[in-house]
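Encoded as structure tokens, here's the structure I'll be asking about.
The values are calculated or read from the model by the stated rules, or taken from the named source; none is laboratory data. Remember, it's a predicted structure, so these values are computed and weren't measured experimentally. Here the Cβ positions follow ideal geometry from the backbone for every residue, glycine too, while neighbour counts run over all protein chains shown.
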There are 2 protein chains.
Amino acid sequence: MTGPVITIKDVAALAGVSPATASRVLSGNPATSSEAMAKVIAAASKLGYHPNAQARALRSTRTNVVGLLVSDVRNPFFANLAHAAEQAALSKGLVTLLGNANESIEQQDRYLDTFISQRVAGVIAAPQGDGSPSLRAVLERGIPTVFVDRTVDGIDVPSVTTNSDSGIRQAVEHLARQGHSRVGYIAGPETTSTGRERLRSFAQAAHDFGLSEDPALTFIGDFQPASGAAGARHLLALPQRPTAVLAADSPMAVGALSTLTREGIRIGSDMALIAFDDLEWFPLLDAPLTVIAHDVEVMGRTAVQLLLDVIDGRRPESVVLPSELIVRASTGTPPRRQVS
Amino acid sequence: MTGPVITIKDVAALAGVSPATASRVLSGNPATSSEAMAKVIAAASKLGYHPNAQARALRSTRTNVVGLLVSDVRNPFFANLAHAAEQAALSKGLVTLLGNANESIEQQDRYLDTFISQRVAGVIAAPQGDGSPSLRAVLERGIPTVFVDRTVDGIDVPSVTTNSDSGIRQAVEHLARQGHSRVGYIAGPETTSTGRERLRSFAQAAHDFGLSEDPALTFIGDFQPASGAAGARHLLALPQRPTAVLAADSPMAVGALSTLTREGIRIGSDMALIAFDDLEWFPLLDAPLTVIAHDVEVMGRTAVQLLLDVIDGRRPESVVLPSELIVRASTGTPPRRQVS
DNA sequence: CGATTCCATGGAATCGATTCCACGGCCCTA
DNA sequence: TAGGGCCGTGGAATCGATTCCATGGAATCG
């Protein structure tokens with residue numbers, strides 16, 4: 001069943017050199033003669049040698065594995081982020097161990113513990129909560145870490161995040177100009193920095209642009225589709241319905257959209273809708289969706305670059321990427337006069 | 001910078017036992033006294049001990065890491081599959097190393113080599129091509145392997161796949177009944193088993209139900225959005241346009257949808273459209289999309305179960321899951337009479 | 001031409017855990 | 001009471017690679 005295991009000794013024996021020399025050749029150490037190099041390489045490929053990463057990592061205390069912790073790969077934002085980061089890492093010779101926290105702090109910690117045990121070269125995380133024990137353990141061990149998309153208050157590591165505030169202000173201003181005064185907001189969970197920040201931005205902008213500050217207009221969701229649907233149901237059940245809805249991420253926007261559509265409400269005329277995050281199919285909807293967009297691709301690549309900087313002992317500055325409003329038909333028409 | 005590294009010796013010393021005993025306690029070996037157990041556990045948690053997975057794997061030649069190779073996490077089908085498999089694996093105590101082949105055989109091999117070097121406990125792969133060297137190396141080493149979604153001709157490993165044929169026949173029959181006779185097909189690449197099988201099913205069904213067998217109606221894409229758009233452009237440029245289009249996966253369907261919409265073609269009335277794979281937002285489109293659906297969740301869980309069987313030395317039967325047509329408005333109306 | 005430096009090489013220690021093996025204490029039975 | 005079996009424990013070997021250190025031969029310099 002299990003084939004023969006080829007070790008570096010087998011390679012060395014076939015090449016007629018010592019394991020030490022074989023190791024030097026195979027790990028690119030310059031102190032080797034070209035003839036030894038040729039023989040070792042020939043022997044390795046002849047035997048189909050695959051170095052044992054465990055043994056290598058154990059001795060050299062270095063690995064080429066980075067841990068990437070996201071909250072849910074089914075969220076296209078994180079799928080794209082994971083893809084971008086993974087491709088960027090690969091191009092630098094690093095492979096990615098993907099952890100899915102499932103928006104759960106417990107699962108997040110489970111993966112962080114795994115990352116520690118695997119002695120990963122670094123961690124890129126979209127963290128939750130406010131500094132779980134496992135997250136602190138990662139940092140205490142000095143494992144190079146960067147945050148992506150989200151941060152944790154009081155933990156000072158380099159990060160790449162989106163400035164949600166500008167996009168949200170643009171969105172609120174846009175709605176206010178269209179004549180909306182009651183705008184529902186489906187927020188992310190308060191255990192995430194993005195959930196908190198976007199809510200704060202929305203509240204501030206609503207105040208600044210003279211929208212209703214009725215607390216019932218805010219529904220706290222969990223960044224997943226079902227809570228978007230729940231949020232929409234909540235907003236529809238209010239005695240005074242909002243005329244526009246802003247959702248703090250795209251899965252919740254999809255959930256809300258689904259509920260609104262099922263209730264026979266026409267997006268763009270009966271109700272305006274704006275999503276945070278742009279997806280490639282949002283323009284294809286009946287009423288193409290107005291969104292607050294940001295560049296996931298750049299975010300992923302930047303996170304890898306920051307991590308490499310940290311690994312190399314530098315102390316890179318955090319990066320904040322812009323967000324901007326893209327107006328489409330879902331906010332195309334002014335609100336109907338309130339029948340009330 | 002780097003914190004102190006806690007080894008099992010430190011734990012043993014604090015607990016007042018030998019490293020051997022500490023190891024037995026920490027790895028659940030029953031041959032330990034309850035007092036030793038208590039002391040070791042107390043010491044380990046006091047020191048914040050995280051076992052070195054490398055050392056453990058090196059000695060015991062077992063790991064709790066499984067490699068999951070998909071072609072593109074940005075494809076929601078694979079994102080959902082990865083999520084399902086990862087959650088199922090996690091519940092069995094396994095963590096997942098995710099590889100993204102990006103529909104490229106070269107990247108696929110790169111990850112497979114990494115899996116070998118990492119000495120993963122098993123591999124779940126959606127393979128490409130026909131048995132690349134790295135794939136053969138995985139199998140020759142006796143690494144437990146299962147295929148998911150796709151297979152490779154001539155390589156006999158347990159797999160969990162979808163019976164696309166039934167769904168495609170239903171789709172073709174449905175279109176034929178609606179009066180369509182020229183149906184365009186945007187196929188997957190011939191380097192994948194799903195690409196080949198679905199094309200074969202479509203051709204056979206087109207023949208059986210009396211549709212045009214004009215080869216120009218088939219466009220070979222690569223399962224990615226851009227090729228769906230290219231396929232749509234190709235079909236629109238034909239002297240005799242088709243009245244319906246079937247796309248072999250959802251990203252290509254989205255690409256096609258995007259092009260068709262931009263060209264001012266109304267889905268459901270000017271042109272029927274069917275996608276393979278159902279996404280949660282497909283019902284939300286202007287013309288909700290008719291799809292051939294299958295259960296990704298079950299596929300992911302089943303793949304993990306098969307892999308565990310193989311790891312335990314059993315020889316499980318491959319599983320074939322059903323697919324079925326879900327009719328929505330995108331194929332709602334019969335084709336317009338050909339103006340030609 | 002002798003002394004010094006340089007460099008490729010091999011031997012052996014090492015990383016941190018697991019596990020084989022031997023040992024000693026205890027209980028049970030003859 | 002003596003002998004056999006059982007069980008928890010510690011010492012030491014081991015996994016496969018890297019890397020320190022010593023060595024010997026070639027090259028360089030005065």
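Of the residues that sit in region A:103-116 and are under 26 Å from A:G221 (Cα atoms) and crowded, with 22+ Cβ neighbours inside 10 Å, which one is nearest to DNA strand C (Cβ to nearest atom)? Please lay out each step first, then the result.
Initially, region A:103-116 is screened for residues under 26 Å from A:G221 (Cα atoms), giving A:103-112.
Subset that is crowded, with 22+ Cβ neighbours inside 10 Å: A:108, A:111-112.
Working: A:Q108: 23, A:Y111: 19, A:L112: 17 Å.
Top of the filtered list is A:L112.
In addition: Which of (1) surrounded by 17 or more Cβ atoms within 10 Å (Cβ to Cβ); (2) out of contact with any Asp or Glu (no Cβ under 6 Å at 6 or more places or on another chain) is the odd one out, the single condition A:G48 does not satisfy?
Failed condition: (1).
Determine whether region B:296-306 contains at least one residue that is surrounded by fewer than 16 Cβ atoms within 10 Å (Cβ to Cβ), on the phi > 0 side of the Ramachandran plot and either within 11 Å of chain A (Cβ to nearest Cβ) or touching a residue at least 12 places away in the same chain (Cβ under 8 Å) (or both).
Checking region B:296-306: not a single residue is surrounded by fewer than 16 Cβ atoms within 10 Å (Cβ to Cβ), on the phi > 0 side of the Ramachandran plot and either within 11 Å of chain A (Cβ to nearest Cβ) or touching a residue at least 12 places away in the same chain (Cβ under 8 Å) (or both).
Testing B:S71 on (1) more than 12 Å from chain A (Cβ to nearest Cβ); (2) closer than 30 Å to A:S45 by Cα; (3) crowded, with 24+ Cβ neighbours inside 10 Å; (4) polar (S, T, N, Q), one condition comes back false. Which one is that?
B:S71 satisfies all of (1) more than 12 Å from chain A (Cβ to nearest Cβ); (2) closer than 30 Å to A:S45 by Cα; (3) crowded, with 24+ Cβ neighbours inside 10 Å; (4) polar (S, T, N, Q) except (1).
Find all pairs meeting these conditions: Cβ atoms under 9 angstrom apart; at least six residues apart or on different chains; first residue within region A:18-44 and not assigned by TED's automatic domain parsing to the domain that holds A:G93; second residue of a type in the set (S, T, N, Q) and not in a helix (DSSP H, G or I).
Matching pairs, first to second residue: A:P19/A:T7; A:T21/A:T32; A:T21/A:S33; A:S23/A:N29; A:R24/A:T32; A:V25/A:T32; A:V40/A:T32.
Residue-wise test of (1) more than 29 Å from B:I311 (Cβ to Cβ); (2) surrounded by 17 or more Cβ atoms within 10 Å (Cβ to Cβ).
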{"position": "A:S18", "(1), (2)": "yes, no"}
{"position": "A:V25", "(1), (2)": "yes, yes"}
{"position": "A:A31", "(1), (2)": "yes, no"}
{"position": "A:K39", "(1), (2)": "yes, yes"}
{"position": "A:L58", "(1), (2)": "no, yes"}
{"position": "A:V66", "(1), (2)": "no, yes"}
{"position": "A:A85", "(1), (2)": "yes, yes"}
{"position": "A:G99", "(1), (2)": "no, yes"}
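Still on this structure, I have one more. Residue under question is A:R150, and the condition is that it be within 23 Å of A:P251 (Cβ to Cβ) and of a type in the set (D, E, K, R); does it hold?
yes
Still on this structure, please answer the following. Hey, can you tell me all the residues within region B:117-130 that are surrounded by 19 or more Cβ atoms within 10 Å (Cβ to Cβ) and at the interface with another protein chain (Cβ under 9 Å from one of its Cβ atoms)? Can you show your working first?
Initial filter on region B:117-130 (surrounded by 19 or more Cβ atoms within 10 Å (Cβ to Cβ)): B:118-128.
Correct list: B:Q118, B:R119.
Could you tell me whether region B:15-37 includes any residue that is more than 29 Å from A:P4 (Cα to Cα) and within 9 Å of chain A (Cβ to nearest Cβ)?
No, region B:15-37 contains no residue that is more than 29 Å from A:P4 (Cα to Cα) and within 9 Å of chain A (Cβ to nearest Cβ).
Return the residues of region B:26-46 that are touching a helix residue (DSSP H, G or I) at 6+ places or on another chain (Cβ under 6 Å) and either closer than 25 Å to A:R136 by Cβ or more than 8 Å from DNA strand D (Cβ to nearest atom) (or both); say none if nothing qualifies.
Those that are touching a helix residue (DSSP H, G or I) at 6+ places or on another chain (Cβ under 6 Å) and either closer than 25 Å to A:R136 by Cβ or more than 8 Å from DNA strand D (Cβ to nearest atom) (or both): B:K39, B:V40, B:A43, B:A44.
Further, regarding this structure: Return the residue satisfying two criteria in turn: it lies in region A:47-77 and is in contact (Cβ under 8 Å) with a residue 60 or more places away in the chain and in a helix (DSSP H, G or I), and of such residues it is nearest to DNA strand D (Cβ to nearest atom).
Across region A:47-77, the extreme among qualifying residues is A:A57.
Restricting attention to region B:106-136, which residues are farther than 23 Å from A:A57 by Cα and in a loop (DSSP other than H, G, I, E, B)?
If the condition is that a residue be farther than 23 Å from A:A57 by Cα and in a loop (DSSP other than H, G, I, E, B), then B:A126, B:P127, B:Q128, B:G129, B:D130, B:G131, B:S132 are the ones that fit.
Moving on to the next point. Starting from residues that are over 17 Å from A:T331 (Cβ atoms) and surrounded by fewer than 19 Cβ atoms within 10 Å (Cβ to Cβ), keep the ones in region A:235-257 and report whichever is nearest to the chain's Cα centre (by Cα).
Among residues in region A:235-257 that are over 17 Å from A:T331 (Cβ atoms) and surrounded by fewer than 19 Cβ atoms within 10 Å (Cβ to Cβ), the one nearest to the chain's Cα centre (by Cα) is A:L236.
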